[in-house]
Amino acid sequence: MFRGFLIACLLLAAPLAGAQDPDANPAPIPAWTGPDRNDAFESLIAALEEAERHGLRRSDYSYDALSEIDPDIVSDTADALASRVFRDYAEDLLTGRINPLSVEPNWRVQRRSPFPS
């Protein structure tokens, strides 16, 4: 399941990596919704359905709102919500949801940054 989620991430990044002319302003391509989309939206929903396996609650990631969206219809609002949920969920998978110091004041392990330098 997580493998499918990572594949969806790569598919979303592919159009960005292939951009040739940074000065060109083509019409924005919806990342998550619309008839020409890939399966990233469904992969995000499937990943959220497995959130509890990682100690996370899918309700923290607007799962119910995402589940009601028809991904075949282009929607800027749905794209923005899916992008935010994707970012938040990926960050929580990487760095965790709670601050370990709030549970164990003597915690000595450095947190990983989602943006390595």
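Here, each number is a calculation from the coordinates, and none is a lab measurement. This is a predicted model, so every value here is computed, not measured. Backbone-built Cβ (ideal geometry, glycine too); neighbour counts: all protein chains shown.
General observations
- Within region 61-100, trypsin sites (Lys or Arg not before Pro) in DSSP loop having at most 15 other beta-carbon neighbours inside 10 Å: 97
- Amide H within-cut-off set for residue 33, under 5 Å, with H built and near neighbours excluded: 75
- Among the GluC sites (Glu not before Pro) in region 27-74, those located in a DSSP loop and surrounded by at most 12 other Cβ atoms within 10 Å of their own Cβ are 68.
- Chymotrypsin sites (Phe, Trp or Tyr not before Pro) within region 36-111: DSSP coil, no more than 13 neighbouring Cβ in 10 Å: 107
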